[in-house]
1. Can you run down the residue pairs with Cβ atoms below 6 Å, 6 or more apart or on separate chains, where the first is in segment B:94-117 and within 16 Å of B:Leu312 (Cβ to Cβ) and the partner is open to solvent by 50 Å² or more (accessible area, probe 1.4 Å)?
2. Look through B:Tyr90, B:Tyr121, B:Tyr128, B:Tyr55 and report the one residue that is touching a Pro at 6+ places or on another chain (Cβ under 7 Å), of a type in the set (Phe, Trp, Tyr) and either open to solvent by 10 Å² or more (accessible area, probe 1.4 Å) or within 14 Å of another protein chain (Cβ to nearest Cβ) (or both).
3. All but one of (1) at pLDDT 95 or above; (2) within 22 Å of the chain's Cα centre (by Cα) hold for B:Leu188; which doesn't?
4. Please go through segment B:1-13 and give me each residue that is modelled with pLDDT of 95 or more and part of a loop (DSSP other than H, G, I, E, B), ordered by number.
5. Kindly provide the set of residues from segment A:50-85 that are over 23 Å from B:Arg43 (Cα atoms), at pLDDT below 95 and touching a Cys at 6+ places or on another chain (Cβ under 8 Å), ordered by number.
6. Does B:Thr129 count as over 22 Å from B:Val81 (Cα atoms) and β-branched (Val, Ile, Thr)?
7. Regarding segment B:123-142, can at least one residue be identified that is under 21 Å from B:Trp229 (Cβ atoms), in a helix (DSSP H, G or I) and without any contact (Cβ under 8 Å) to a residue 12 or more places away in the chain?
8. Go through segment A:149-171 and count every residue that is away from chain B (no Cβ under 14 Å), modelled with pLDDT under 80 and open to solvent by less than 60 Å² (accessible area, probe 1.4 Å).
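The values are calculated or read from the model by the stated rules, or taken from the named source; none is laboratory data. Predicted model, so just to flag it, every value in this text is computed and none were measured. Positions of Cβ are generated from backbone atoms using ideal geometry, with glycine treated the same way; all protein chains shown enter the neighbour counts. Protein only, heavy atoms only, side chains kept; ligands, DNA and RNA dropped before computing areas. Shrake-Rupley method; radii C 1.70, N 1.55, O 1.52, S 1.80 Å.
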Amino acid sequence: MTDAKQDEVDPNAPVAGMDFFMQLEYHELLCPVVREFADALMDKRLIGHRCPQCGLVYSPPRGYCPICVVPTTKADEIELATRGIVTNYTVVTPVQYYGQEETEPFAKVSLQLDGGGNLSLQDLLEVPVEQVHPGMRVEVVWAPDSERKVDDITNRSWGTAEGAIQGWKPTGEPDASPDDYSDKVF
Amino acid sequence: MANDIAIVGYAQSPSLRQAELTEPQFLFPVISEAIERAGVERREIGFTCAGSCDYLSGQTFAFVMNLEAVGAWPPISESHVEMDGAWALYEAWVRLQHGDIDTALVFGSGKSSPGLPAEIYPLQMDPYTLTPLGADPVSLAALQARAMLDAGKITEREMAETATRSRKNAIGNPYAQVTGDDDPETLLKEPYVTAPLRRHDLPPISDGACAVVLATADKAKALSKRPVWIRGIDHRIDIHQPGMRDLTESPSTRIAGKNAGVGKGKVDVAELSATFSYQEKLLSQELGLGDGVEINPSGGPLAANPVMAVGLARFAEAARQIAERGKKRAVAHATSGQCLQQNLVAVLEGD
């Protein structure tokens, strides 16, 4: 809380601001469906639940379909492809704040997997941010066995698979046509 | 003059020390059950309002994810309060007064288990003088209890008796977390956690949820054989700085109770958000509840304290007393902030 700058402050000047740093820690149990998802990831498998009513695929599984408001169970589990199409992306330009580690702009992409299922907030590897575009065909890059950590997988932000997947890299195939992925993502 | 609004459905989750499921996951069956008990179609619901706290969840916009438990497609009309679900109920009550919709869904949910309440709660204080002190809820409650003891307004034995009755009442409550049949003498032998409070004077750390369905008069009569009418509802705030008020009084409770009409008839039962044991007597006195009033037959917050749902659960429990147990007139109370800073009071009646 105290730093060198404070020594330069005129002690008679009115207080204009004060630093107050704090940190909150949270420890949450992995919910059962996300635990199954995490176990599969450790096994280099990507799983999801297919809604028995509307057919939408959720990965990681939630245990319900929020569109139909029906529960989903182990019986609705399917294995997903580890190849897909970039459907959308966001370039994040880091603003430096306390605790921020990124310094350069980076992209997070949304993916539509071959055969169904979507993932969001994925890292794209080997592609400069200015070249990211919808339609790119990509495949998974698993983290090495020794580096895959179930601890990095949380209940938060459905769709992340940090700790198991390093990111996604281009397959080198021609771009998919918009017809292949439009109106399939919600 | 406000229109009568009725509670036509309610449901709760069990309160757990550490829920394995996520908030939307345990909200999912609770919301479905409340809607089913109300006998409405999900699509008929004109307005949805939720109460929860992102600081508790440790995630920004966590309340958006909770909407997945409602079924948000086709798009719904909804709102959120960063407060207990009881304040979401108040907002829905106001919304129903407009008269253009006839049904509303309200829910509250929270998981206290992932974080440390003693670290999170000081953030509700002002950031200049109070937050840096790190004054946690137990310390502040201990100050208030001490003030009441010093003023001769309560005794430690009365506090233990409240805890004993809460725990005994909770034995019959399937949603409760802390039950027991120890007598006050046994509890008084326990060491202090923060003097003058012992473990039984504190609420448990709980994860849980509650949902309530409201309807306007005509709709309620069509839906329910025994709608639970909200005859009056009001909420007030005392001064934020705990050092600037007399902690042995709760003027906000008194005013809210008067405006809600608590004194206009005989009260059979009251569900009070007395989160710490000593608060029950203070609240009862400010609300003018006499000896004949059954207080917290559910066990109250000393038996289950799902933060952000615990106040709304008082509405569900008070409504249960009328709809299922034949009581005529009930008081539901919710609180927020430190040392009973904010208070909401409602009077519920059966036909």
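1. What qualifies is B:Ser112/B:Ile205.
2. B:Tyr121
3. (2)
4. B:Ser13
5. Residues of segment A:50-85 over 23 Å from B:Arg43 (Cα atoms): A:50, A:57-61, A:73-85.
Adding the requirement that they be at pLDDT below 95 leaves A:57-61.
Matches in segment A:50-85: A:Val57, A:Tyr58.
6. Judged against the criteria, B:Thr129 is a match.
7. no
8. 1
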